[in-house]
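The structure appears right after this line, and notes come after that.
The values are calculated or read from the model by the stated rules, or taken from the named source; none is laboratory data. None of the values given here were measured: they were computed from a predicted structure. For the accessible areas, the whole protein counts, side chains as well, though only heavy atoms, and no ligand, DNA or RNA atoms are used. Shrake-Rupley method; radii C 1.70, N 1.55, O 1.52, S 1.80 Å.
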Amino acid sequence: GKMAQDMTEKELLKMELDQLKKEVKNERQMVSKTGKELKEYIESMAGEDPLLKGIPEDKNPFKEKGGCTIS
């Protein structure tokens with residue numbers, strides 16, 4: 001599709017309307033209830049979270065293959 005900056009105001013409004021039509025179908029719940037559940041889930045998964053515990057060097061697909069020297 002087109003980038004947002006290339007769209008007319010009418011096209012942008014139609015896109016927003018389509019998004020709102022999707023969102024209105026979502027079941028809504030109180031943040032006071034879901035926030036507590038979300039916090040408990042995050043805390044229960046913390047031990048498995050690579051952002052918290054790091055990734056072992058041998059398992060990291062993005063580690064540097066070799067260095068470069070600037071002289």
Study note, to complete from the structure: Taking Cα atoms only, helix 31-45 is inclined relative to the longest principal axis of the chain by an angle, in degrees rounded to 10, of 20 degrees
Practice item. May I ask you to list the aspartates and glutamates whose Cα is less than 19 Å away from that of K53, ignoring any residue fewer than eight positions away on the same chain? Key: E40, E43
Practice item. Sum -39500 (n - 2.57) across every DSSP H segment of at least 4 residues in the chain, then divide by the residue count to get the 222 nm mean residue ellipticity, nearest 500. Key: -14500 deg cm²/dmol
Check your understanding: lysines within cross-link reach of K25: Cα-Cα under 29 Å, excluding same-chain residues under 8 positions apart?
Key -> K2, K10, K14, K33, K36, K39
Check your understanding: Beyond 18 Å, what share of the Cα-Cα pairs of the chain remains, rounded to the nearest whole percent?
Key -> 72 percent
Revision key, fill the gap. Carbon/sulfur accessible area of the chain, % of total, 1.4 Å probe, equals 60 percent
